[in-house]
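Before any comments, here is the structure.
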Amino acid sequence: MSVDSPSGEGGPEEEEPSSPLLLGSIVVGLAIVLSLGLGELLLRIAWENPFVDEKSDWFIEIETHPPFRKLGIDRAAIDPDEPVAMLRTDDRGYILPGRRFADPDATIAFLGGSTTQNSAVKEEIRFPALVSTLLEEKGQRVNVLNAGKSGTNTHDHLNTLLNHVVEDDPDVVVQMEAHNDVGMLAGRGAYRPRGASRLNASKVSTWLLQWGSTHSSLAGALRKWLTIRPVRAIEFKRAGSELERKELPYHEYEHRLRAFVGICRSFGIVPVLMTQPSIAMRTKLTPNWTDLQNQERFNEIIRRVAADEGVLLVDLVAHLSAEVPDWKEPNRIFYDGVHVNDAGSEILARHIAQRLQPLVEQIRTASSR
């Protein structure tokens, strides 16, 4: 005779009968699956589906930052005294600080890639923000909309301009990008990969991770680990022969620059073009498509389009070459040959503000009439 005990020792346990609820759920589930399968079979026999060859809708991804982003970028390797640079955005996804005045004389939007985003630069001296501060010293109240986004090219900026920036009614839009265009055309030969695409598993998973990170710390930690990397200082080396120029479809870039000018003018916006400087030094952080010969070729296209279209040109390359003798030295302007450090951002901002000051004065005078 066995005796039951609280610990369950003393003899074999009796098996509990199967749950009627579980059994019923299985039966209902099987019935639903069989019913749907039968319905599908009957419809395929008796009805011609007009959508059978149709594909899903096309989607255009607008390359902006999400609203209310708040990230600390680890830049200790560049500046150990101030090891973190904040990357924050406003309710429209523009990088802060930006809209500083309730009644500005002008609003200037900046379009570009990571060299306009400037993640590793302190917030207040990223050149779009610093331009506003410098113009204020000249008595001009200017709000800026920094729409710079890492990895974007001129094709992306057309989408961003038409589908996002124009809604914020800027007076001026400044465009600077050649580096990522070189990379896109060298790698793919066209801008097609940045056009419309269909919804796919990659886009859905990205959205789920973004959505999940706003509701779960675990998802947030995973997203940060997957997407945010510290900036590392690595010794420079000179670019080698592997970066010799490859012939690209230059007209594709030129078409998009002219389209940028046309879209701006169609919406009553003053377009401004900037050349994009870089130096012949590389680190492990430097994108592998860096091609100084083609980048200078693209800068020449920027100069030509600006002249043809009567557009204000801010020639940063010419300014650095003429006014900053040591600008090609490592860590003087760029920490990786492409992206500016704090000092470089200040140098660019001062020249940009100087070139934009007369334009802002024209806008202020015209609005006061």
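Below is a table of values for the structure above.
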{"item": "Within the range 113-164, helices (runs of 4 or more DSSP H) holding 3 or more residues that are of a type in the set (A, V, I, L, M, F, W, C), closer than 29 Å to HIS251 by Cα and modelled with pLDDT of 95 or more", "result": "154-163"}
{"item": "Odd one out for ARG75, checked against (1) of a type in the set (Lys, Arg); (2) under 30 Å from GLN362 (Cα atoms); (3) touching a strand residue (DSSP E or B) at 6+ places or on another chain (Cβ under 8 Å)", "result": "(2)"}
{"item": "Subset of the range 68-126 [within 28 Å of LYS138 (Cβ to Cβ) and of a type in the set (D, E, K, R)]", "result": "GLU82, ARG88, ASP90, ARG92, ARG99, ARG100, ASP103, ASP105, LYS122, GLU123, GLU124, ARG126"}
{"item": "Given (1) more than 21 Å from the chain's Cα centre (by Cα); (2) within 30 Å of VAL173 (Cα to Cα); (3) modelled with pLDDT under 85; (4) not polar (S, T, N, Q), index of the condition ILE228 fails", "result": "(1)"}
{"item": "Criterion (more than 27 Å from SER278 (Cβ to Cβ) and either over 20 Å from the mean Cα position of the chain (by Cα) or not small (Gly, Ala, Ser) (or both)) met by exactly one of ARG92, ARG126, ARG69, ARG88", "result": "ARG92"}
{"item": "Subset of the range 325-369 (residues that are among the aromatic types (Phe, Trp, Tyr) and in a loop (DSSP other than H, G, I, E, B))", "result": "TRP327, TYR335"}
{"item": "GLU300 vs. criteria under 21 Å from THR115 (Cα atoms) and surrounded by fewer than 19 Cβ atoms within 10 Å (Cβ to Cβ)", "result": "yes"}
{"item": "Among residues of the range 253-281, those that are part of a loop (DSSP other than H, G, I, E, B), under 25 Å from ASP171 (Cβ atoms) and either out of contact with any strand residue (DSSP E or B) (no Cβ under 6 Å at 6 or more places or on another chain) or of a type in the set (S, T, N, Q) (or both), counted", "result": "4"}
{"item": "Residue within the range 339-351 that is touching a residue at least 40 places away in the same chain (Cβ under 8 Å), closer than 28 Å to GLY189 by Cβ and hydrophobic (A, V, I, L, M, F, W, C) present", "result": "no"}
{"item": "Matching option when the condition is crowded, with 19+ Cβ neighbours inside 10 Å, farther than 30 Å from ASN299 by Cβ and either of a type outside the set (Asp, Glu) or touching a Phe, Trp or Tyr at 6+ places or on another chain (Cβ under 6 Å) (or both), among PRO83, PRO104, PRO128, PRO67", "result": "PRO104"}
{"item": "Among (1) surrounded by fewer than 17 Cβ atoms within 10 Å (Cβ to Cβ); (2) in contact with a Lys or Arg (Cβ under 7 Å, 6 or more places away or on another chain); (3) assigned to a loop (DSSP other than H, G, I, E, B), the one test that LYS284 misses", "result": "(2)"}
{"item": "So ASP336, is it among the charged types (D, E, K, R) and without any contact (Cβ under 8 Å) to a residue 12 or more places away in the chain", "result": "no"}
{"item": "Subset of the range 165-203 (residues that are free of Cβ contacts under 8 Å to residues at least 60 places away in the same chain, within 29 Å of ASN288 (Cβ to Cβ) and not in a loop (DSSP other than H, G, I, E, B))", "result": "MET184, ARG188, ARG192, PRO193, ARG194, ALA201, SER202"}
{"item": "Counted residues, the range 134-157 - those being over 13 Å from the mean Cα position of the chain (by Cα) and touching a residue at least 60 places away in the same chain (Cβ under 8 Å)", "result": "5"}
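Residue-wise test of (1) over 21 Å from the mean Cα position of the chain (by Cα); (2) farther than 20 Å from THR115 by Cα; (3) at pLDDT below 80; (4) assigned to a helix (DSSP H, G or I).
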{"position": "HIS215", "(1), (2), (3), (4)": "yes, yes, no, no"}
{"position": "ILE234", "(1), (2), (3), (4)": "yes, no, yes, no"}
{"position": "GLU242", "(1), (2), (3), (4)": "yes, yes, yes, yes"}
{"position": "LYS246", "(1), (2), (3), (4)": "yes, yes, yes, no"}
{"position": "HIS251", "(1), (2), (3), (4)": "yes, yes, no, yes"}
{"position": "ASN288", "(1), (2), (3), (4)": "no, no, yes, no"}
{"position": "GLU296", "(1), (2), (3), (4)": "yes, no, no, yes"}
{"position": "ARG304", "(1), (2), (3), (4)": "yes, yes, no, yes"}
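The values are calculated or read from the model by the stated rules, or taken from the named source; none is laboratory data. Computed from a prediction, not measured in an experiment: that's the story for all the values here. Glycine also receives a Cβ, built like all others from the backbone with ideal geometry; neighbour counts cover every protein chain displayed.
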